[in-house]
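Chemist: The structure that follows is given in the form of structure tokens.
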Number of protein chains: 4
Amino acid sequence: MTLLIISGSSREHSNSEFFAEKAASSYTGDVKWIRLREQTIHQIHDQRHDENGFDPIDDDHSKVIEAMLDADEVLFATPLYWYGMSGYMKTFIDRWSQAMRDPSLNFKARITGKPGYVITCGGDQVDIKGLPLILQFKHIFEFTGMDFKKYFIGEARKPGDAEKSDRLDQLQDFFR
Amino acid sequence: MTLLIISGSSREHSNSEFFAEKAASSYTGDVKWIRLREQTIHQIHDQRHDENGFDPIDDDHSKVIEAMLDADEVLFATPLYWYGMSGYMKTFIDRWSQAMRDPSLNFKARITGKPGYVITCGGDQVDIKGLPLILQFKHIFEFTGMDFKKYFIGEARKPGDAEKSDRLDQLQDFFR
Amino acid sequence: MTLLIISGSSREHSNSEFFAEKAASSYTGDVKWIRLREQTIHQIHDQRHDENGFDPIDDDHSKVIEAMLDADEVLFATPLYWYGMSGYMKTFIDRWSQAMRDPSLNFKARITGKPGYVITCGGDQVDIKGLPLILQFKHIFEFTGMDFKKYFIGEARKPGDAEKSDRLDQLQDFFR
Amino acid sequence: MTLLIISGSSREHSNSEFFAEKAASSYTGDVKWIRLREQTIHQIHDQRHDENGFDPIDDDHSKVIEAMLDADEVLFATPLYWYGMSGYMKTFIDRWSQAMRDPSLNFKARITGKPGYVITCGGDQVDIKGLPLILQFKHIFEFTGMDFKKYFIGEARKPGDAEKSDRLDQLQDFFR
């Protein structure tokens, strides 16, 4: 069994990645990471209704999608930037509309039923102001057919806060 | 009086832009447009807590921010991509965290109290599944001190749908 | 075809009822009203897991349920009290848990697929602060199998406001 | 210091009350309970705009309000019935509109700044479908000036589930 963690954080040693790591330590299988900031992923150009469909884009998107479809379970870890997922994460997900139309990926069939997890963190009343993000992921998972298993909202404002969080025990058995 | 429309759409003649145009036709002042797809805006690198703060980024972000802070009112028009604002829009807004720390922009003082509007559109139960986006903008506006005046959710799936929408009369007096 | 309007308003000539009336004037069939304030409906006593199930309650609930299940379409009209449906409406809906277990009502089979509508109104940023209510109704409709067709959020603070609303034209073709 | 727990559950030994009890065991002060099912509280009759204001209602509402305003902190514990607070709780809160206009209660001054907590529980994807309730309480607390400290969402379907919950450790230090 493999878990893929897709991180939308924009900096090294981020709090959301720390929380994801803690959660992953309870996973009894292989854990892989993709940090979107280390990939080149362009914004979507919506050509869903163009006669010839999408123009191919030469970047890392298909590679990340392949890894995601290969994994048994997927954890999306993103800081709460402006009360939503990071631009890295959103740019990546927008391109799913293109990936779904790429027959070589077989996106829909391979993602249906796949367990999905969300970990986010932020500072300003994150337990409440992070809820629209959770609702958004619910819709995303429903649309793809993924199975929304669980989410975790961490509180962290500045580098290092996650390590001192009093919620770490909630992550201890995250995957059990 | 000037209204700036910031569009997060990824394609020409988009439905969300059509709806924004309809709304803007009731505006009794100058209307300006910025289409984010025509700008180069990089993802944020979160250096809020770095000793030396943010590294300057050489792209169009400050120019768009200047236009936004200059305008009397701002309308954010974005398609609903994956139940949220587009990656173009999110990438732009993430960088506000950097702009807020650029003393030459005087971001906070100039944005406080500015009237803000949101227009979005989508296809899959958009009136309901678009609500997390509205809630997110509410938090964004609250944080900056903008005044969330009004939003409009349009239904449109494919190019041209907006023109045939039976909600156009809701836009007729959008700014009156 | 019949439309049943179930009103949760606590006063005569309420704004939410005015909006519902306007909407109903576009309905090409019979329109019936039930005002919950004129019915006696007790709070639920949750006995879902009692060996003998629910004790029968002698009030008007079954009668209202019968009318609801008989109607072809149902419109729930409720003022936004404290950012949710009124206590009248909530008390009524809570008892659905009991009605669902009353074999003589055949609740589930008769409600599945029935078109449902929501009209609410309030004063304090109702377009945004009313959204949790819409999300709640979405879940209610999903659970029962009802088909959430449409909602309308009106702005009204004091008696008579609805009549002067600039949103009445949105209701003109509500059922068309 | 005193904590008042106001319970909206409709049955003895309810799961939400069990979770509230667990949380309260970390409270270093007096803990009091009011179970709304043991009180007589009538639906509101909205007379906010009547010339003579509200007619006095002879039931237990003022008594409960007095206890709430007297307490240093208040925990609202309610099962998630139909994706919202119970009818007992909603009926109680609706009447705040009346209590706020009763000069003898001095409602607004005494509630402003009071710490508020919410505990709910349910079965059907409660972590996600319970979110509209949390958003609603946020608005309620904001309107009154209460300080929304914390919430807990428990998962429990049938009597006794709370005791076996794997989230009990989240409640251990709920008030610390």
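The values are calculated or read from the model by the stated rules, or taken from the named source; none is laboratory data. Computed from a prediction, not measured in an experiment: that's the story for all the values here. Don't worry about glycine lacking a Cβ; one is built from the backbone with ideal geometry, like all the others, and counts go over all protein chains shown. The protein model used for the area step is the full one, side chains on, heavy atoms only, and it has no ligands, DNA or RNA in it. Shrake-Rupley method; radii C 1.70, N 1.55, O 1.52, S 1.80 Å.
Chemist: Using the alpha-carbon atoms, what tilt in degrees (0 to 90, nearest 10) does helix C:61-70 show relative to the longest principal axis of chain C?
Modeler: So the inclination is approximately 70 degrees.
Chemist: Okay, moving on. Quick one: length gained pulling B:ARG48 to B:ASP166 fully straight, 0.36 nm per residue minus the C-alpha distance?
Modeler: Stretched out fully, the B:ARG48 to B:ASP166 stretch lengthens by 37.9 nm.
Chemist: If you find the alpha carbon centre of the range A:131-148 and of the range A:41-62, how far apart are they in angstrom?
Modeler: That distance is 23 Å.
Chemist: Assuming R0 = 41 Å, can you tell me the calculated FRET efficiency for the pair A:SER25 and B:ASP102, based on Cβ-Cβ distance, to the nearest 0.05?
Modeler: It comes out at approximately 0.55.
Chemist: Taking a cut-off of 20 Å between Cα atoms, list the lysines near A:LYS63, but don't count ones fewer than 8 places away on the same chain.
Modeler: Partners found: A:LYS32, A:LYS90, A:LYS108, A:LYS114.
Chemist: Let me ask something additional. List the residue from chain C whose beta-carbon is nearest to the axis that rotates chain C onto chain A, together with that distance in whole Å.
Modeler: C:LEU135, 4
Chemist: Continuing with this model, one more query. Just to be sure I understand: of the beta bridges DSSP finds with both ends in chain B, what percent are antiparallel, rounded to 5?
Modeler: Percent antiparallel among DSSP bridges in chain B is about 5.
Chemist: For peptide D:90-97, how many partner chain Cβ atoms fall within 10 Å of a residue's Cβ, on average? The partial results should precede the final answer.
Modeler: Details: counts 12, 7, 1, 5, 10, 3, 2, 3.
Per-residue shielding by partner chains comes out at 5.
Chemist: Among C:GLN136, C:GLN125, C:GLN39, which one shows the biggest mean-square fluctuation in a GNM of chain C, springs joining Cα atoms closer than 10 Å?
Modeler: C:GLN125
Chemist: Evaluate Rg over Rh across the range A:51-176, taking Cα atoms for both radii and Kirkwood's formula for Rh.
Modeler: Working: Rg = 16.0 Å, Rh = 15.9 Å.
When Rh is taken as the Kirkwood radius, the ratio is 1.01.
Chemist: Separate question: Please name which of B:SER10, B:PRO56, B:GLY29 has its Cα lying farthest along the dipole of the range B:3-96 towards the positive end, using unit charges on Cβ (Lys, Arg +1; Asp, Glu -1) and the Cα centre as origin.
Modeler: My answer, from the dipole projection, is B:SER10.
Chemist: What pairs from A:LYS150/D:LYS138; D:LYS138/D:LYS158; D:LYS22/D:LYS149 go past 19 Å between their alpha carbons?
Modeler: A:LYS150/D:LYS138; D:LYS138/D:LYS158
Chemist: For C:ASP50, which inter-copy label distances result when the label point lies 7 Å beyond Cα on the Cα-to-Cβ vector, reported in nm to one decimal and in ascending order?
Modeler: Spelled out, the distances from C:ASP50's label point are 3.5, 6.5, 6.6 nm.
Chemist: Under the definition of Cα pairs under 8 Å and six or more residues apart, what whole-number percent is the relative contact order of the range C:1-73? Please list the in-between numbers first.
Modeler: Values: 71 pairs, mean separation 31.0, N = 73.
Contact order relative to length: 42 percent.
Chemist: Now a separate question. Buried by at least 50 Å² relative to the chain on its own: which residues of the range B:36-61 qualify, computing accessible area with a 1.4 Å probe on protein heavy atoms?
Modeler: With the partner chains in place, the range B:36-61 has these residues losing at least 50 Å²: B:GLN43, B:ASP46, B:HIS49.
Chemist: Based on Cβ point charges of +1 for Lys and Arg and -1 for Asp and Glu, what charge dipole magnitude is obtained for the range B:13-94 about its Cα centre, in debye rounded to the nearest 20?
Modeler: Working: 7 positive and 16 negative charges, 100 e Å.
It comes to approximately 480 debye.
Chemist: What's the buried accessible area, both sides, between B and C using a 1.4 Å probe, rounded to 100 Å²? Don't skip to the answer; put the middle values down first.
Modeler: Working: alone 9260 and 9260 Å², together 17400 Å².
Chains B and C together bury approximately 1100 Å².
Chemist: Turning to a different aspect of this structure: Over the range D:36-90, with every protein chain in place, what whole percent of the accessible area is carbon and sulfur at 1.4 Å, could you tell me? Before the final figure, lay out each step's value.
Modeler: Details: 890 of 2330 Å².
The nonpolar share, carbon plus sulfur, comes to 38 percent.
Chemist: Moving on to the next point. Please find, in a Gaussian network model of chain A (springs between Cα atoms separated by less than 10 Å), the residue of A:ILE44, A:ILE153, A:ILE111 whose mean-square fluctuation is greatest.
Modeler: Ranking A:ILE44, A:ILE153, A:ILE111 by mean-square fluctuation puts A:ILE44 first.
Chemist: Report, for the protein assembly as shown, the % of DSSP beta bridges that are antiparallel, rounded to 5.
Modeler: Given both bridge residues lie in the protein assembly as shown, the antiparallel proportion sits at roughly 5 percent.
Chemist: Express the accessible area of the range A:1-151 per residue in Å², computed with a 1.4 Å probe while the remaining protein chains stay in the model.
Modeler: I get 37 Å² per residue for the range A:1-151.
Chemist: Does anyone have the angle between helix D:131-144 and the longest principal axis of chain D? Alpha-carbon axes, 0 to 90°, nearest 10?
Modeler: 40 degrees
Chemist: By how many degrees, 0 to 90 and rounded to 10, does the Cα axis of helix B:15-24 deviate from the longest principal axis of chain B?
Modeler: 90 degrees
Chemist: When the helix-only estimate is applied to the protein assembly as shown (DSSP H runs of n ≥ 4, each -39,500 (n - 2.57), divided by the residue count), what is the mean residue ellipticity at 222 nm, nearest 500 deg cm²/dmol?
Modeler: Theoretical 222 nm ellipticity from helices: -8500 deg cm²/dmol.
Chemist: Could you give the dipole magnitude of the range C:96-176 about its Cα centre, charging the beta-carbon of Lys and Arg +1 and that of Asp and Glu -1, in debye to the nearest 20? Write down the numbers at each step before the final one.
Modeler: Numbers: 13 positive and 11 negative charges, 72 e Å.
For this selection, approximately 340 debye.
Chemist: Only Cα pairs under 8 Å and at least 6 apart count here; give the relative contact order of chain B as a rounded whole percent. Mind dumping the intermediate values first?
Modeler: Details: 308 pairs, mean separation 52.8, N = 176.
With pairs under 8 Å counted, the relative contact order is 30 percent.
Chemist: Run down the aspartates and glutamates and flag those whose C-alpha is under 14 Å from the C-alpha of D:LYS129, throwing out any fewer than 8 positions away in its chain.
Modeler: A:GLU142, C:GLU142, D:GLU155
Chemist: Compute, for the protein assembly as shown, the length of the dipole vector about the Cα centre, with Cβ point charges of +1 (Lys, Arg) and -1 (Asp, Glu) only. Units Debye, rounded to 20.
Modeler: 0 debye
Chemist: With the label 7 angstrom out along Cα to Cβ, how close does D:ASP72 come to the same site in each of the other copies, in nm, nearest first?
Modeler: With the label placed 7 Å along Cα→Cβ, D:ASP72 yields 5.0, 5.3, 6.2 nm.
Chemist: Pick out, from D:PHE175, D:VAL126, D:THR91, the residue whose Cα sits farthest towards the positive end of the charge dipole of chain D, with +1 on the Cβ of Lys and Arg and -1 on the Cβ of Asp and Glu.
Modeler: D:VAL126
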